Amino acid sequence: MDLLIYHANQCDPKKCTGRKLARFGIARLTHRISDLRGYLILSPFSERALSPADRYSCRGLAALDCSWAEAERVFERIHANTRALPFLLAANPVNFGRPFRLSTAEALAAALFILGEREQASLVLSKFSWGHTFFELNREPLEEYAAAKDSAEVVRIQSEYI
């Protein structure tokens with residue numbers, strides 16, 4: 001699945017998971033929001049949860065790589081074709097154990113897993129020393145979300161974890 005990352009140049013370049021994915025050729029970076037057209041955009045502010053039913057509704061996945069402090073301002077510019085990830089715990093060193101505070105790489109890997117692209121999800125996180133920990137922390141909910149039939153079922157499953 002094609003992976004595109006809108007990069008807002010707001011994070012520490014040494015810790016930026018989006019840039020690292022681009023360096024390895026796993027995802028492409030863009031600085032233009034207009035490039036996101038046709039992609040399913042991961043947004044923590046979306047009213048609809050990502051589910052396996054979204055698998056064929058787009059030409060690829062897009063993530064917005066920005067500072068959590070600026071996230072709301074950046075995401076308010078995006079209106080079309082967004083999905084929120086369900087409850088998951090971060091494994092990255094900056095937000096370890098915090099729910100919903102995923103890095104760009106974790107968000108893309110989680111979305112790929114839910115959409116049935118498990119090998120690609122593993123590839124995304126294989127570039128990070130803590131990547132395997134994300135799957136260890138979230139294995140059970142990820143399996144359940146990936147087996148859900150639609151967004152409503154993902155939300156129901158999520159409520160069991162919150």
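If the condition is being under 22 Å from Arg83 (Cβ atoms) and either surrounded by fewer than 17 Cβ atoms within 10 Å (Cβ to Cβ) or among the small types (Gly, Ala, Ser) (or both), then segment 11-21 contributes only Gly18. Restricting Phe45, Phe113 to those that are closer than 25 Å to Val155 by Cβ and in a loop (DSSP other than H, G, I, E, B) reduces the list to Phe45. Inspect segment 149-161 for any residue being of a type in the set (Asp, Glu) and in contact with a His (Cβ under 9 Å, 6 or more places away or on another chain) and give the result as yes or no. There is no residue in segment 149-161 that is of a type in the set (Asp, Glu) and in contact with a His (Cβ under 9 Å, 6 or more places away or on another chain). Please verify whether segment 88-109 includes one or more residues that are over 10 Å from the mean Cα position of the chain (by Cα), part of a helix (DSSP H, G or I) and at pLDDT below 95. No.
For segment 113-122, enumerate the residues that are surrounded by fewer than 22 Cβ atoms within 10 Å (Cβ to Cβ) and either within 13 Å of Ala148 (Cβ to Cβ) or within 14 Å of the chain's Cα centre (by Cα) (or both). Once the filter is applied, which keeps residues that are surrounded by fewer than 22 Cβ atoms within 10 Å (Cβ to Cβ) and either within 13 Å of Ala148 (Cβ to Cβ) or within 14 Å of the chain's Cα centre (by Cα) (or both), segment 113-122 yields Gly116, Glu117, Arg118, Gln120, Ser122.
The values are calculated or read from the model by the stated rules, or taken from the named source; none is laboratory data. Computed from a prediction, not measured in an experiment: that's the story for all the values here. Reconstructed Cβ throughout: ideal geometry from the backbone, glycine too, with neighbour counts over all protein chains shown.
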